[in-house]
Structure formats: structure tokens, C-alpha cells
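*Asks:* One structure is given below, represented as C-alpha cells, and several questions about it will come after.
Please treat every number below as a calculation from the coordinates, not as lab data. None of the values given here were measured: they were computed from a predicted structure. Note that each Cβ is placed from the backbone with ideal geometry, even for glycine, and that neighbours are counted across all protein chains shown.
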Amino acid sequence: MGTSFGRGGATTFQQDLQNADCLLIMGSNMAENHPVGFQWVMEARERGATIIHVDPRFTRTSAVADIHVPIRPGSDIAFLGGIINYVLQNERDFREYVVNYTNASVLIGEEYEDTENLEGLFSGWVKDRNGYTFNSWQYDGTNVHGASGQRESQESLAKYQGLNPQEMSKLEAGMPPKIDRTLKHPRCVYQILKRHFARYTPDMVARTCGISEEDFTKVAEALCENSGRERTSAMCYAVAWTHHTTGVQIIRSAAILQLLLGNIGRPGGGIQALRGHSSIQGSTDIPTLFNLLPGYLNMPQAQKFGPLAKYIEDEGGKTGYWGNMDTYITSLLKAWYGDHATADNDFCFALLPRLTGDHSAYRSILGMQDGAVKGYFAVGENLAVGSANSSLHRKAMANLDWLVVRDFSETETASFWYDSPEIESGDLKTEAIGTEVFFMPAASHTEKNGSYTNTQRLLQWHHKAVDPQGDARSELWFYYHLGKRIREKLGDDTTEPYADAIKFLTWDYHTEGPLDEPSADDVLREISGWDAEGKALNGYDKLKADGSTRCGCWIYCGVYKDEQNQAANRKPRAEQNWVAAEWGWAWPANRHLLYNRASADPDGKPWSERKKYVWWDEEKSQWAGYDTPDFEKTKRPDYVPPDGARREAAIAGTHPFIMQDDGLGWLFVPNGIVDGPLPTHYEPSESPIGNPVYPQQSNPGAQRFPREWNPSNPSPSESHGDDFPFILTTYRLTEHHTSGAMTRTVPQLSELQPEMFCEVSPELAKLRGLEHGRWATIVTTRTAIEARVMVTGRLRPLQLNGKTLHTVGVPYHWGRKGLVTGDSANDLLPIVLDPNVHIQEDKASTCNILPGRRPRGRAFHEFMEKVRSDAGAEVTP
Amino acid sequence: MKAKPRFPWPALRQLDGDPLGTGAAVQSHKTQAWTARTTDAKVVKSVCPFCAVGCGQKIFVKDERIIQIEGDEESPISRGRLCPKGAATRALTQSPLREYRVKYRRPYGTAWEELPLDRAMDMIADRVIKTRRETWVADHEGKPVNHVAGIASLGGATLDNEENYLMKKLYCALGIVQVENQARL
Amino acid sequence: MSTFIDLTGAAAQSATYGADEQQRMGFFTDTTLCIGCKACEVACKEWNELPEDGYEFTGWSYDNTRELNGNTWRHVTFVEQFSGRSAGTGRWLMESDVCKHCTHAGCLDVCPTGAIMRSEFGTVVIQQDVCNGCGYCIVGCPFGVIGLKEAEGTTGKCTLCYDRLKAGEEPACAKACPTDSIQFGAVDELRERAEKRLEAVQGRFDGAQLYGTDTGDGVGGTGSMFLLLDKPEVYGLPPDPIVPTKDLPQMWRAAGVGAALLVAACVAAAVRA
């Protein structure tokens, strides 16, 4: 979403779903995984909205939807691409919105070649590097900086190759130099889109997704009918879109569709990304992610080494709000290095460590397997159950020198050295594992102050109710005191490398209470920032590049506005409108519905009375409405930027996507996505069928790691391709939370779903002799697990080109610890990743299923040896 | 509140308008005094720790102990409602399996051992310093890098923003770049 | 109806509270809104401090708590209707079941210890400090709602959160319910709401029907009403519940007549003698 719209967050907020006229829930089982947010979907339904659930399984969401379409796992782009084609072929797009607010009219350079011509690849493919260069995807006449996305890509792809910074962001009157507002030019984005998606006919969709043309058309028509001036449609997705090797491109498909239908920035519209953890949005905003600094600033990279000015040149835009990169990074460095950071020493920019490539989570685990990673912190994460190919994770942990696990109870990660399937099978031996393990009990949210950022970018403060008992401590305590100890141990005269980075660090939060708990309020104030006089900043437009302001995360700037913890705002809902601006604080600048300038027409008038939200108030000469305008408050709708304008001044009064270089919604992404400017259907990395759409089978850019402990199941075209004939898909249940560490420890939840089970159709049960309520063993080349059998009509066989395809569904909540235990579904999965965001493919791979329980002990080891050798899937180191 | 019954014995109370003994007459003293245990508890405003919907919670505290957690009806997002996990939040924080002591497993050890918190913190600090030094990478292909190759961290999606901030800040200062969380998983 | 029957109805029993009598309160559970999340089950257990009821996979769709009993006072029933065929054409029905708080409550009638009482809110409550676990109420309930609480040696069922009602709070399950499938309110008002809702969903949901709203049924109507999407028996609910003590007045009358005849006979005999 960052690449299409400018910010990597949900464009809307949950309460506003009630205003939708049609809701497409896809890649999400919202009723089960976000039940309380789902109340707003039910509100919309009761107001007459059409609720569509597109999902391989008939779930508790499908049960209350108006339409359920059971597509094949991994065929999402084909389905959405089909709707895009339907919209374009029938000219059902919201033309006035598309022409004015998106890059539909922009001409792309002549060198660009589409997948239509290159058998499923785009121009710029570099075979020996397994990636693309972006040169041929550029706007005709200028290069543009991506608002996001390339920030999460592999440096090794050298994406900036050939891009001359001086040619970046050349706008004329706020528009890229070559455009065709009639949308007729063959090189304009609109026509490129039309050609690219022409292949996704209803017939092709039916054949690829395993559904009827009629079902497809019903959905396409419902979305078209419920979009336009008077009506809006919203989309909700969750990890069932991200958990694919094409995850980013699935979300891109949704973004393209919502832009064509004119549903972004408008009430009842938008794309609601449903995140799965209390602060998962917060943990990307203030990232515990390798590639980012707070506020979606890139971590500096070795390949682009240079002074701060070069970093700003490389990473910042010239136009739009990324043009203010200098103020964001300088304020961050000031927050971290305080008085030590001066203009003379480049604000200590050199003290930041540099990346040398992909350092993402799975890379670390592979590094552990290789012996390069020696120390590991698992902080409220249970990788021994929750990560793909968790068996590899457990074996890799046995190579560590030391492991710190911080959690409420002893998780499978903490106990891998004496209680794991590998110990049981003899693959690991306790006495032979040299890993030193520290289990540190954690404080719960009731035992500490702090803020979570929820799925709609809303920061909400939770207050401490009681003190933690015993040795239980917050992460704030742990990291604060760890930092202090390390600093004290090093002393002032240390010879440790780069000790200044530690010595200069501002680390002076005041502590309180008998436990010496650092003040979370202090930390939030630093995140929000202050000015030269030490006064809290009211917003990121106050940040300076001269070192006079400090701000730990520019997008959170203002959360401590007026010296008040705005995240702790709790004005009751009855006392405000549905936007609820005084409940918590939403980034950026307390804007709840992003890009909301698009809720008004180019002249600044609401598109319709029914869909009124933010509009230009000519009398007051400012934007007004129900929410904070996501636009400069006094920028007139008829503002035309002078040529050569920089920063936000370069954004025209009609361009709502202010984070983008050109202020437009990007249907076509010339810069920022490593696996193509447009979505393309590729098969999952493991698929029981050949790609029906292109000769290119799976995502050519996907990250694969063929190595010991991570073999792939053979595909149908290879020998033994039929050994794993079924589609495997994993998911969550309402009653449990991820690896179960927070729910299998709770009696009242454990009784609701007490055992690991798998779901199969009656047809598959018959085919394999599986009996309802008894046991089955699910097999991949990684491992085999056992589960109780649930035979249900909620799963159905798919018919594809005369072939019958079966799906095995498995929830992934179980492990060996807790009140209720069972085998872990993630043990079955390979490590294979989306190339943009390094997320694994959980939702579609292949498996076999057999009746009965799995072998035990050494017999299990031998069973797996045979599976792998039969499949020819032995991967030697 | 209910008027005090005129007769203490249920059998006599039956004479007082409840001849069949199915209503007021059979209320025990305990029942008469029975009311919501939260009425005189302290209320602390909070947010559900499970998924990212961000439901408002009210934590009821009595004698420094949490006696109930339920939805905050003032929240514009959740309107006082909770899912089964959210409704079990008190049970989560008071789970029978919760650990309150540091546990230590020495290399090649076969059982957990006890370890004082302070000692554990000290040992962890030592190990970070040691591994940092031993796996320090000064440059890569001729370019300065200054990062630690041998330490990685996973965690953050269930933590507070303030905690993530301190983690990222400290790790950066130490040169640790392999910092990841569940958002990727 | 006899005076006797009038004395056992919810209204008459609540009236024993005199000035403390409250409006009769109840539930309307609208299954067209239920997403089967079981928040009601957990919220109920949390508030009423009820233990788990065993960790056993049943294979009954997503239902692993099986039934209402002494320690499970809200229970979600799952009914899969796919006739062995493909998804998209079938239905998955979910219903959160609970004590019906009958107008004529069998459990209350048969309780020999006075442990069960009609509260001032017209609800039926087992007083844990009085109950001796004799179990008469278990068989006295036509809905099979009540069960033993083995650890305590008492029986248990929904109290409609009597303690919360006294504090002006709504029952825990209704408060938690994410989609407002469980609605709490005055029984008269809920009955009206149920009728209106039925009318509104006609044509939208096949098989929509009300359960428990008929005051002429075998329990005199219930305090917990339901909008179902199929026949009650599909959800495991008795289609025609009858309070087992329904014939009690007639029996008492018959017994009374018999006793009178006996007395008369004795008198006659004595006179003859």
C-alpha cells in the first residue's frame, strides 16, 4: 500500500466500514480473527451493504456474508486481476477520479515491455541476479522516487541503477512531463493496464481460481455497482494476502482496483489492513525491523555509503512530503545522540550501523544454522511454533551460544533443548546442545504503561493496573537496564569497536517505583519530539534539518502535542462523531481516513452529499470536514505548483496522495517494487498445477533457500511430482492466538479448541480413507505431523481443467507446552519468501495426507528419511 | 436497595407475601448482599493485548489484584465488546502456567536452574559485549559497515511502541542489525 | 387458570419483592448476527468464575464444550448444513444457548431446599450457599440447562448475572458479544423487538423463526428468546418444552378432592359409628 498510496498503513479506520455499500473481505477471515472489528461489517450489512467473502474455506466470516466465493489458495491475483479487467473492459472506472487523482494519464517510457510480450516477465529482468532493474519502468521524461517499498527491498538488486538523481521528480505544473488526459495514448498507464490485464477474462479467472464465471461476475458487478460518486466499497485483508510469495503484488491488485473504482480517501471506501497483533502496526512504524529506522526511513546501506547528505539524496524525494527527509533524519539523530550530534559531525550519522543485504528474520535463522549467528533474543515470540519450517528453527537454535527468551510462560522456544519433536525423534540430543538459555519472565500489559498502535494507525495508551510479580519485568525495563549495564561495563575508556555509538546515546529516562521502571511517558515524549527550547512539538511540519529539533519518529510527531500524552485521550464515543478524533491519536497528525482530500472532487466539493467527508471551505479559505484533512490545511484546490517547486509545495491542489512524488495514486509503480510494476499471477512456490496464465510458473523473484532442513516438495512436472498432490493452507481460529503461547495457557480458551485438527472435504476423506474424529498424518518433505480429522462440507474440492484438486486446512496454534498440546502446522512449511518484504508463504503449499497417527521416536526419523528419498528431495549441505 | 425483611427465618418470611417460598422469602443473607464484585474496585483504562483491533478494556483492581477485565463501553472502536480472547485477558495475566522467576539452562545442561534476576542481567550484558566484539564487521567490500554479525533479535509486535523504540535504539547503538518482529512472519 | 398457577408465574413471584420488584429482564439472542466466536462463553466464565469443563475434541463442528451444564452457562451450538456438497451453497448455523429463565420454571418448582429463587428481575437464580446438590432441578428443567458443579457439590446455571443486574450492569455475555447477537433488556420490550426483527429478516434468511416468545407455550414463554434459522430441534432445543410441574395444580386439586372425600368419608363413618 505504501507504493500505491504513499504510506504503509490501512487507509481507513474500522468504524468507517459501517459506511460502505459493499465490502470485499478477502485474504482475511475477519469474523474469526477480528471479531470485535467485525461489528462494523455487521453494521454495514444491516444497513443494506453487500458483504462478499472470497476465501478457499467456508468460515465463520462466510457464514454471515451475502456472497462466499471459494477460490483456490494462491489464486488471488487472478481473481482481482479479473475484476480489474472487468472494470477496464466495461469502462466502469470512476473516470473523473482516475484522471485527476491517479497516474492513469502518465506516459511510461518507450523501453517498457509487459509480461504479455515476455512470457510472464517484465522488461529489466537480470537472470543471474534473479531480479529486476527499474530503469525501463520509469515515467517518460523523468524518474520518480518511490514513497515506500524499495525501502524494503534487497540492496543487491541495485534498484537505483541508472537513475540519475538530478533527473528525479521533474514535474511541470505539478504533473509528470508527459501525460495524456484522454487516456488514449498507447503508452499511458491506463492503456498499459488495459493490455496487461486483458488476459484475465472471466473464463481465465474461472479456470485459474476454480470457481464459476457466474460467481466471479457477481462479485465484479457488486463492486462496480457500489462505487462512484454516490456509493463506495471497502476492502479488508489480513495475512492471507501477505503470506504468499506474491503477497505485495496481491495487495497492489487491491490498490489498483480501489483506485480505478475511486474508493480511496472516501468514507465507506479504502483498504483496511487487518493486523494480527496488538501493536504490529506500531512495530513497523517504530520498527523492530532490520531495514528501517523509525518512521519508515531506510537503514543506511553499505552499498550507498556516504555522508548524511548522500543518504538524504538517495532516500528522500524531491517533491511531496518525502522531500522533507532531511528534517526527519536529522531530528531522529538528534533524539538519539543529543548534544553529541552536530552539523559538524554530520549529526553522528556515521554511528549508525550499515546493512550489507537482507538481514530479515529467516536470514538470521539460516545464519544460526550456519553458525554465524551466535546470540539470540526471542522477545514475546515463539518461533519454535510460529515460524515456517519451525523444525529448522529448533535445530538452528541448538547451534547458538546463548538464547534469551522473554515471555509470560515457558514457551516451546524456551524448551526446545529438552522437549521438541527433534528430541523425541533423536535428531537432537539434550546433552549435545551447547546453547545457554535464559528464560526471563515478562510483565503483561496490565503491569506496565505504554501505547499500542492498532490496525487503523491509532495509538492507544494502556495504564498500569498492578506491579509485576517476582522477576517479571517489562521490555522497557529489560532494555533500559541492559543498555545501562553495558554502558557501565564498557566505561569511558573502552576499546570496544565503535563505542561512541553507545557512549553518545541519550539514555536518561527517569525511573520510578521500587522496580526502577523507566518512564514510558518519557520515551513517548522523545518519540514525539521537542524544539530548541525543549517544548513538545505539535506536528512533523515543525521539524527542522538544522539540528534544533529532536524527534524519535517523525510520523508520531505530535503524539505529545501541548505536553499532553495524546495517546491517552479517552473522550467517550457518545460525545464525538464516528471518527472519534479525541480517542487516542492516529498517525499522521491525527488523521483517521488517509488521502481524504480525495473525498472531494477536484474543485474541493464533496462528490455527493451521501459521501461527504472533507471539503474546501471557500469562506474560511481552508479544508473542513469530519476528520483532520490529510492535506495542507490552506492549500487551495486550484493551486498549481510553479515549476521547480520542491517538497510539499510541488504537490498540486488536486493531488491527494501527498507522500508521493507527484501526489498521485499509483496504478503503475515505476519505482519501489522489486518483482514488477504491475501484479501478475504466478503459482505458489509449491503448487499441484502448472500456471494457467503464463509460461512463467512461480514468482521469479521469490527468495528460495534450497539447503539441508529446507527441501521443497517436487512439482507436478518433476519426477515424484504427484507425491504431494494436495494444497496445504494454514490459519488461525478465534479461540487461539498465533503460536498459542497466550491462549493454550488459559483454561477458558483451551477448552474451546483443545486439540490440533485438520479440515478436509468429504470427498478427500473418502479418497484417503480418513475418518471424522480420528487421526490423520500430514506429510511434506520437511516433516510430518498428526491431527484429528474434521470432515466438513466447508471445504470443497476444486475443479480445474477437468482435474480435481483437494485442500487440507490446518490451524497452527499447537505445540508441546501449555494446557493443551499438539503438533505444529508450521513444521510442515518451507522457508520461501516474498522478495519485497521477506514474508513466508504459509497459505498455499503442497502436502500429502494419510490416515492414522504418525510414527514415534526413531521410527519417525526413518519414516521422514524415506519420504524425502522417495521424493528425491534430499538437499545436501 | 431492598427493604429489610421483617422476619429473619425463611419459613416466616413466606407469611409475608411469598406463600410458596419461591421469591423474596427464600433469599439467603448472602444473596441479599450479593452484588457485582466490581462496584467498589478501582478502574484502570487499558487496551486488549491480543489482535490489532484495539478494543478498550477496563481493568478492575481490588487489594492490588486484578479481579476482572471487561470491555470499555466508551471506546469508539469496540463499544465495550470483546472476543473470547479479549474476554479471557484476566485469565491470561493470571494463567496457572505463568512464570515469575528467571530460569537458566547452562550449556549442555539437562535441567533448568535458578538464577537471580540481577545475575542474569549481568550475564546477558557480558554475552552481548563478548559476541559483539567477536562478530564485529568493520567493512564489507571496501565500504564501512560497523555492525554485529552474530546477534539477532525477534520480537516487537506484541510490545509497546516505547519498548520497540528502546529496543531499536539500543540495538542500533550496539551495531546489531538483525532486528525483526512478527510483522514479517 | 387457578389462583395457584398465578402464584407460580414469573410476575407473581417477582411481586413478592413488593416495592423492590423490577422489570422482568431477559435475553434476545438473534442468531442471524452470531459469528460463533464464543466470547459469551468466556465472558460468562470470567465473570462467574467458572472452571473449564474438560479439554476434549468432540468433532461436533467447532463445538467442544458440548452443552450447557453446571460450569458452562453459555454455550454456542454449531450446525453445518452442507449436505455433503460444496461450500458456497450451504449454511453454518451458530446459536448461543443459555438458561431460558422460564415464566413457569420447572427447576424452581421442584427445588426442595429453597435454593432456587425467582429474583426481583423475574429471573431464576440458584443460590449457591443454599443448594445441596440434590439434582432435582436437573431433571426438572425441560431444556437440560442445569448441571452439577462437582467441585462445589451444588448445581449451577445462568443467573442472568444477578449480581451485575443489582449493580446496574448488563450481563457479561451480552456486554461482550461483538456483534450484538445477544441482546439484554426488559422481556416485554425484547419480545416486541424479536417480532419486529423476524418481520425484517423475512426473505433474507430462510427458515427464520422465533423461539420462546410464545407465552402460551408449555413454560408460559421464556425470559431468554431466540431468533433461529431452522427448527429448534436442529439446534438441539426442545420443539415443545413443557414444564414438568405443569399438571401439578391439577394433581394438587385432585389430591385435594381426594383428601376432602377421605375426610368426608371418615366423618361419615364416625357419624355412623
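*Asks:* How large is Rg/Rh for chain B, to two decimals, with Cα atoms and a Kirkwood Rh?
*Replies:* Rg/Rh for chain B comes to 1.24.
*Asks:* Please state the shape class of segment A:2-273: rounded when a/c is under 1.5, otherwise prolate if a/b exceeds b/c and oblate if not, all from the C-alpha gyration tensor.
*Replies:* prolate
*Asks:* In whole Å, how far is the Cα centre of segment A:105-131 from that of segment B:109-125?
*Replies:* 56
*Asks:* Report, please, the projected area of segment A:167-297 averaged over directions, based on the convex hull of its C-alpha atoms, in nm².
*Replies:* Numbers: hull surface 47.4 nm².
Averaged projected area of segment A:167-297's Cα convex hull equals 11.9 nm².
*Asks:* A further question follows. Given q = 0.17, 0.32 Å⁻¹, what are the Debye log10 I(q)/I(0) values for segment B:31-80, with equal point scatterers placed on the Cα positions and solvent ignored?
*Replies:* Values, matching the q order: -0.55, -1.14.
*Asks:* Any idea what Rg and Dmax come out to for segment B:49-115 if you just take the C-alpha atoms, in Å?
*Replies:* 17.3, 53
*Asks:* Another question, if that's okay. At 222 nm, what helix-only mean residue ellipticity would chain A give, in deg cm²/dmol to the nearest 500, using -39500 (n - 2.57) for each DSSP H run of four or more?
*Replies:* On the way: 23 runs with 191 residues, N = 877.
Dividing the helical sum by the residues of chain A leaves -6000 deg cm²/dmol.
*Asks:* So who's got an amide H within less than 5 Å of the one on C:THR154, skipping anything under 5 residues away but keeping other chains? H placed 1.01 Å off N, in plane.
*Replies:* For C:THR154, whose amide H was placed from the backbone, the distant partners under 5 Å are C:LYS149.
*Asks:* Report the relative contact order of chain A, percent, no decimals, based on alpha-carbon pairs under 8 angstrom and at least 6 residues apart. Numbers along the way, then the final one.
*Replies:* Details: 2043 pairs, mean separation 148.9, N = 877.
RCO, chain A: 17 percent.
*Asks:* Still on this structure: Nearest 10 degrees is fine. How inclined is helix B:161-174 to the longest principal axis of chain B, computing both from alpha carbons?
*Replies:* Here the helix axis deviates by roughly 20 degrees.
*Asks:* From the Cα gyration tensor of segment A:776-877, with a ≥ b ≥ c the square roots of its eigenvalues, which class applies: rounded if a/c is under 1.5, or else prolate if a/b is larger than b/c, or else oblate?
*Replies:* Values: a/c = 1.24, a/b = 1.11, b/c = 1.13.
Rounded shape, in that the Cα axes give a/c under 1.5.
*Asks:* Please sort by residue number the GluC sites (Glu not before Pro) in segment C:51-111 whose DSSP state is loop and whose Cβ has at most 13 other Cβ atoms within 10 Å.
*Replies:* Numbers: sites: C:GLU52, C:GLU56, C:GLU67, C:GLU80, C:GLU95; in loops: C:GLU52, C:GLU56, C:GLU67.
Sparse-neighbourhood loop GluC sites (Glu not before Pro): C:GLU56.
*Asks:* If you count, for every residue in A:53-63, the Cβ atoms of partner chains within 10 Å of its Cβ, what is the mean?
*Replies:* The per-residue average across the peptide is 4.
*Asks:* Students often get this wrong, so check it: of A:LYS503/B:LYS169; A:LYS395/A:LYS843; A:LYS817/B:LYS103; A:LYS843/B:LYS85, which have C-alpha atoms separated by over 18 Å?
*Replies:* Those over the limit are A:LYS395/A:LYS843; A:LYS843/B:LYS85.
*Asks:* What list do you get for A:MET397, B:MET167 if you sort them by fewest beta carbons within 10 Å?
*Replies:* Details: A:MET397 26, B:MET167 29.
In order of increasing Cβ crowding within 10 Å: A:MET397, B:MET167.
*Asks:* Taking the alpha-carbon centroid of each part, what is the distance from segment A:43-100 to segment C:23-57 in angstrom?
*Replies:* Here the answer is 33 Å between Cα centres.
*Asks:* Give the angle, between 0 and 90 degrees and rounded to the nearest 10, that separates the Cα long axis of helix C:187-201 from the longest principal axis of the Cα atoms of chain C.
*Replies:* 40
*Asks:* If the viscosity is 0.890 mPa s and the temperature 25 °C, what Stokes-Einstein diffusion coefficient in µm²/s follows for segment B:135-184 when Rh is the Kirkwood radius over Cα pairs? Can you show the working numbers first?
*Replies:* On the way: Rh = 11.7 Å.
So the translational diffusion coefficient is about 209 µm²/s.
*Asks:* Give me a comma-separated list of calculated 3J(HN,Hα) values for segment C:31-42, in order, Karplus coefficients 6.51, -1.76, 1.60 applied at θ = phi - 60°, integers in Hz, x for any Gly or Pro.
*Replies:* 6, 5, 9, 7, 10, x, 7, 6, 4, 5, 4, 6
*Asks:* Also, I was wondering about something else. For a distance above 13 Å, tell me the whole-number percent of Cα pairs in segment A:339-403 that qualify.
*Replies:* Details: 1437 of 2080 pairs.
For segment A:339-403, the fraction of Cα-Cα distances above 13 Å is 69 percent.
*Asks:* Taking the Cβ of each residue in A:HIS462, C:HIS101 as the centre, tally the other Cβ atoms inside 10 Å and list the residues starting with the fewest. Walk me through the numbers before you get to the answer.
*Replies:* On the way: A:HIS462 26, C:HIS101 30.
The fewest-first ordering by Cβ neighbours comes to A:HIS462, C:HIS101.
*Asks:* Sticking with this one: Find the centroid of the Cα atoms in segment A:364-439 and in segment A:756-797, then give the distance between the two in whole Å.
*Replies:* When both Cα centres are located, 29 Å separates them.
*Asks:* Which percent of Cα-Cα pairs in chain A sits in each 20 Å bin, short to long?
*Replies:* Cα pair-distance distribution for chain A, in percent: 15, 49, 34, 3, 0.
*Asks:* Rounded to two decimal places and with Rh computed the Kirkwood way over Cα pairs, what is Rg over Rh for chain C?
*Replies:* Values: Rg = 21.0 Å, Rh = 20.0 Å.
Checking Rg against Rh, the ratio lands at 1.05.
*Asks:* Considering only the other residues whose Cβ falls under 10 Å of the Cβ of A:LYS395, what net charge follows from Lys and Arg at +1 and Asp and Glu at -1? Before the final figure, lay out each step's value.
*Replies:* Details: positive: A:ARG394; negative: A:GLU422, A:ASP427, A:GLU708.
My count for the surroundings of A:LYS395 gives -2.
*Asks:* Using helices alone, I'd like the mean residue ellipticity at 222 nm for chain B: each DSSP H run of four-plus residues gives -39500 (n - 2.57), total over residue count, nearest 500.
*Replies:* -7500 deg cm²/dmol
*Asks:* From the phi angles alone, apply the Karplus equation (6.51, -1.76, 1.60; θ = phi - 60°) to segment A:557-566 and give each ³J(HN,Hα) in whole Hz, x where the residue is Gly or Pro.
*Replies:* Values per residue, Gly and Pro as x: 4, x, 6, 10, 3, 6, 6, 10, 6, 5 Hz.
*Asks:* I'd like the trypsin sites (Lys or Arg not before Pro) in segment C:165-263 restricted to DSSP loop residues with at most 13 other Cβ atoms within 10 Å, sorted by number. Could you put the intermediate results ahead of the total?
*Replies:* On the way: sites: C:LYS166, C:LYS175, C:ARG191, C:ARG193, C:LYS196, C:ARG197, C:ARG204, C:LYS246, C:ARG253; in loops: C:ARG204, C:LYS246.
For trypsin sites (Lys or Arg not before Pro) across segment C:165-263 that sit outside H, G, I, E and B with at most 13 neighbouring Cβ atoms in 10 Å, the list reads C:ARG204.
*Asks:* Related question: Report the GluC sites (Glu not before Pro) located in segment B:107-185 that are in a DSSP loop and have at most 11 other Cβ atoms inside 10 Å of their Cβ, or state none.
*Replies:* Counting only loop positions with at most 11 other Cβ atoms within 10 Å, the GluC sites (Glu not before Pro) in segment B:107-185 are B:GLU141.
*Asks:* Turning to a different aspect of this structure: Please report, for the Cα atoms of segment A:381-535, the Rg to one decimal and the Dmax as a whole number; what are they, in angstrom?
*Replies:* Calculated on Cα positions, Rg and Dmax stand at 19.5, 64 Å.
*Asks:* Taking Rh as the Kirkwood radius, which is the inverse of the mean 1/r over Cα pairs, what is the Rg/Rh value for segment A:703-871? Each step should come with its number before you reach the end.
*Replies:* On the way: Rg = 16.1 Å, Rh = 16.7 Å.
That ratio equals 0.96.
*Asks:* Distance check, please: which entries in A:LYS310/A:LYS633; C:LYS100/C:LYS175; C:LYS100/C:LYS196; B:LYS30/C:LYS157 exceed 24 angstrom between their Cα atoms?
*Replies:* Working: A:LYS310/A:LYS633 32 Å; C:LYS100/C:LYS175 18 Å; C:LYS100/C:LYS196 20 Å; B:LYS30/C:LYS157 18 Å.
Over 24 Å Cα-Cα: A:LYS310/A:LYS633.
*Asks:* Using alpha carbons only, how many degrees (0 to 90, rounded to 10) separate the axis of helix C:248-272 from the longest principal axis of chain C?
*Replies:* Rounded to the nearest ten degrees, it is 10.
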